[in-house]
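The values are calculated or read from the model by the stated rules, or taken from the named source; none is laboratory data. Being a predicted model, the structure only gives us computed values, none of them experimental. Only protein heavy atoms, including side chains, enter the accessible area calculation; ligands, DNA and RNA are left aside. Shrake-Rupley method; radii C 1.70, N 1.55, O 1.52, S 1.80 Å.
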Amino acid sequence: QVQLVESGGGLVQAGGSLRLSCVASRMIFRINDMGWYRQAPGKQRELVAAISSGGFTNYADSVKGRFTISRDNAKNTVYLQMNSMKPEDTAVYYCKAETRYRDYWGQGTQVTVSS
């Protein structure tokens, strides 16, 4: 059963922008933090950005000033606006939703930045 559905990935040139979206199923109740992670080939999955239910945000140093995370609690949706993209941003991006009892992960969306 699909719980988180990501969209918005694709191919973009360096310096370009993409916007990722992640919709959480209404079956997931009381979501606390939501976030975006990424995993490049041969590397560990890493946090890109996270946002609490109250709107507090946290970013990886490598994306500060370029990426913006936001969420619409009424729609159970989290967004990641990615600007000034670099080839090193190339990875599979995963959405995560945290509740009191467990974490939920999306299936991932590929983002490729060409130089």
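Numbers at a glance
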{"read-out": "Added length on full extension, which subtracts the Cα-Cα distance from 0.36 nm per residue, Gln110 to Ala40", "value": "24.2 nm"}
{"read-out": "The range 100-111 - phi-based ³J(HN,Hα) in whole Hz, Karplus 6.51/-1.76/1.60, Gly and Pro as x", "value": "4, 9, 6, 9, 10, 10, x, 7, x, 9, 7, 10"}
{"read-out": "Principal axes of the range 21-115: Cα extent on each, largest first, Å", "value": "41, 25, 19"}
{"read-out": "Candidate aspartates and glutamates for bridging to Lys64, where Cα separation is under 20 Å - those fewer than 8 sequence places away on the same chain excluded", "value": "Asp33, Glu46, Glu88, Asp89"}
{"read-out": "Rg over Rh, two decimals, the range 54-110 (C-alpha only, Kirkwood Rh)", "value": "0.97"}
{"read-out": "Average accessible surface area per residue within the chain, 1.4 Å rolling probe, Å²", "value": "57"}
{"read-out": "Accessible-area composition of the chain, carbon plus sulfur, in percent [1.4 Å probe]", "value": "47"}
